[in-house]
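Have a look at the structure below, then the notes.
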Amino acid sequence: QLQASGGGLVQPGGSLRLSCAASGSISSANDMGWYRQAPGMQRELVASISSGGIPNYADPVKGRFTISRDKNTVYLQMNSPKPEDTAEYYCYHFWVDRGYYWGQGTQVTVSS
């Protein structure tokens, strides 16, 4: 089970940190990441990070967002957010032997 937290209202140019923790006695996921979905839009990948710590970013967030992880938690540091980053953010953990597990979604609103 995944528990996401850290969403809320943030001003443009501010910062926000999202977290997503896996509960229980489990092995570390092979891959972790974040998707987002704005109203009327398709869900899109924001960032992912491999078990080896290699990050991957969508072009719109490169240079502003940073993804990181420890054994059971994935983080998304959002610096200089823009109004177009407003969306529901969903985390996932992926295990080769278990498949995808998703968090419940956390709302991020970027507005002054």
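Listed values, structure above:
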read-out	value
Residues (modelled with pLDDT of 95 or more, open to solvent by less than 30 Å² (accessible area, probe 1.4 Å), closer than 17 Å to residue 69 by Cβ and out of contact with any Lys or Arg (no Cβ under 6 Å at 6 or more places or on another chain)) located in segment 21-49	33, 34, 47, 48
Test: residue in segment 54-74 that is under 20 Å from residue 9 (Cα atoms) and more than 15 Å from the chain's Cα centre (by Cα)	no
Filter pass, residue 66 being at pLDDT 95 or above and either more than 15 Å from residue 105 (Cβ to Cβ) or open to solvent by 60 Å² or more (accessible area, probe 1.4 Å) (or both)	yes
Qualifying residues in segment 1-20 (those that are in a loop (DSSP other than H, G, I, E, B) and within 14 Å of the chain's Cα centre (by Cα)) - the one surrounded by the fewest Cβ atoms within 10 Å (Cβ to Cβ)	6
Test: residue in segment 34-48 that is in contact with a helix residue (DSSP H, G or I) (Cβ under 7 Å, 6 or more places away or on another chain) and farther than 12 Å from residue 74 by Cα	yes
Residue among 88, 84 that is exposed (fewer than 13 other Cβ atoms within 10 Å of the Cβ) and either in contact (Cβ under 8 Å) with a residue 12 or more places away in the chain or touching a strand residue (DSSP E or B) at 6+ places or on another chain (Cβ under 7 Å) (or both)	84
Positions within segment 93-112 being part of a strand (DSSP E or B), open to solvent by less than 100 Å² (accessible area, probe 1.4 Å) and in contact with a strand residue (DSSP E or B) (Cβ under 7 Å, 6 or more places away or on another chain), in sequence order	93, 94, 101, 106, 107, 108, 109, 110
Residues of segment 94-112 satisfying the condition of being more than 10 Å from the chain's Cα centre (by Cα) and not polar (S, T, N, Q)	94, 95, 96, 97, 98, 99, 100, 101, 102, 108, 110
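The values are calculated or read from the model by the stated rules, or taken from the named source; none is laboratory data. Note that the coordinates shown come from a computational prediction; the quantities given were computed from them, not determined experimentally. Virtual Cβ from ideal backbone geometry, glycine too; neighbours counted across all protein chains shown. We work out accessible area using only protein heavy atoms, side chains counted, and drop any ligands, DNA or RNA first. Shrake-Rupley method; radii C 1.70, N 1.55, O 1.52, S 1.80 Å.
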